[in-house]
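Undergrad: Take a look at this one; I'll ask things after.
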Amino acid sequence: MAETPAAETALVVAINRHVIELLHTNGQTERCRLHGRFRSEAHRGEGVVVGDRAVLGPAVPPPAPGMPPPLRTVLGITPRTSALRRHLTSRGEDDRVGEDLLVAANVDLCLIVQSFRAPVFRPTVADRLIALARACAIPAVLVLNKAEDAPPEAVASILAPYRRLGVDGFAVSALCGTGLQPLGDRAAGHLTVMLGPSGVGKSALAAALTPGSGPATGAISEARLRAGRGRHTTVQSRLYPLRGGGYIIDTAGIRSLALPDAASAADAFPEIAEVAPACRFSDCTHREEPGCAVRAAVAEGRLAQRAYAGYLLVVRDLAARPAGRGDSHPGARKRQRLEAGRQEGLWDGGGGSDPD
């Protein structure tokens, strides 16, 4: 009996409405159409994303003379090794406020990109992006871009606290090319995603790490520099090959930061979770309770004040969500069913017919 041939797969590079761009192992790219079932309401926030490995339908016959080439169909995705999610809190960025958004799949490194100036470095933003990556079980690296004119002591004061928490830090200039080699070596061989607010230079950084194939970047006016603002250039996620092997995903600037529903503050702050078992009360919130080992560690300098402050912000955000969110929320139950299906093998996106 002849063996069934393995399904053909390719890496998702970009998605533009119903057309998906794929990268094959031989370096060739292909445009395919997205199966209608992925566009149904049942899979909002759970469809195909950049970084997925798409399962392709059968090859299509060549077009008739004068006709555009027909597109193969993406039928499903292979099981994911990781999923980077964030919670939507801003109505201005998406009409699914209150839900989780799947940002990228199968990533194993997250570059938290901030800038030294234009816009100025904001530790609260960096802290929460690192917490987001940690909650999704993805190692995070802090990248301080636009550091060409930064005094060494200023760079050290920014990066040192994160390095003490086990987060690697790199000071680079995508504009001048300084500091890029160590960062490129760190990202080589990984499927890396960049996270950061608009204007910090993510697209310029991706272009510098992927010469010849990186994204287009926008010039920054002197007025915007004086105002301390960058320029928003990326409107959708896209994947690019890295010079040293592996890939990098350039994402649009994030307007709101929140952990996904299934995450906990302990996931985001492992250094606090490590100290917490020594608290007097097992349900200690680390805010006002007597005998709190976490607050004691902060007072004694064994735990960074920045980590503790970031933890309190995340706890506040999680507590402020409407009752019923989390693992018992219908959206979470849907995700759990989908994840269970992925663990069993190929996920075809669920039922439904292709309207095309």
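Every number here is computed from the coordinates shown, using simple stated rules; none is lab data. Remember, it's a predicted structure, so these values are computed and weren't measured experimentally. In this analysis, Cβ positions are derived from the backbone assuming ideal geometry, glycine residues included, and neighbour counts consider all displayed protein chains.
Undergrad: Using the Cα centre of segment 265-319 as origin and beta-carbon charges of +1 (Lys, Arg) and -1 (Asp, Glu), tell me which of A273, A299, C284 is placed farthest towards the positive end of the dipole.
TA: Projecting each Cα onto the dipole axis, the largest value belongs to A299.
Undergrad: Sticking with the crude label model, points 7 Å out along Cα→Cβ, report the distance from N16 to A320 in nm, one decimal please.
TA: Distance between label points: 3.8 nm.
Undergrad: While we're on this one: Would you mind ranking S82, S157, S115, S282 so that the residue whose beta carbon has the fewest other beta carbons within 10 Å leads the list?
TA: Details: S82 16, S157 10, S115 26, S282 7.
Ordered from fewest to most neighbouring Cβ atoms within 10 Å, S82, S157, S115, S282 come out as S282, S157, S82, S115.
Undergrad: What FRET efficiency would be calculated for the residue pair A7, A188, taking the C-beta separation as r and a Förster radius of 25 Å, to the nearest 0.05? If you can, show how the numbers build up before the last one.
TA: Numbers: r = 29 Å, r/R0 = 1.16.
Efficiency for this residue pair is about 0.30.
Undergrad: Stretch R280-L312 to full length: gain in nm at 0.36 nm per residue minus the Cα-Cα span?
TA: Details: separation 32, 0.36 × 32 = 11.52 nm, distance 1.88 nm.
The span from R280 to L312 would gain 9.6 nm if fully extended.
Undergrad: Stretch C176-S157 to full length: gain in nm at 0.36 nm per residue minus the Cα-Cα span? It would help to have the intermediate numbers written out before the result.
TA: On the way: separation 19, 0.36 × 19 = 6.84 nm, distance 2.20 nm.
Additional length available on full extension: 4.6 nm.
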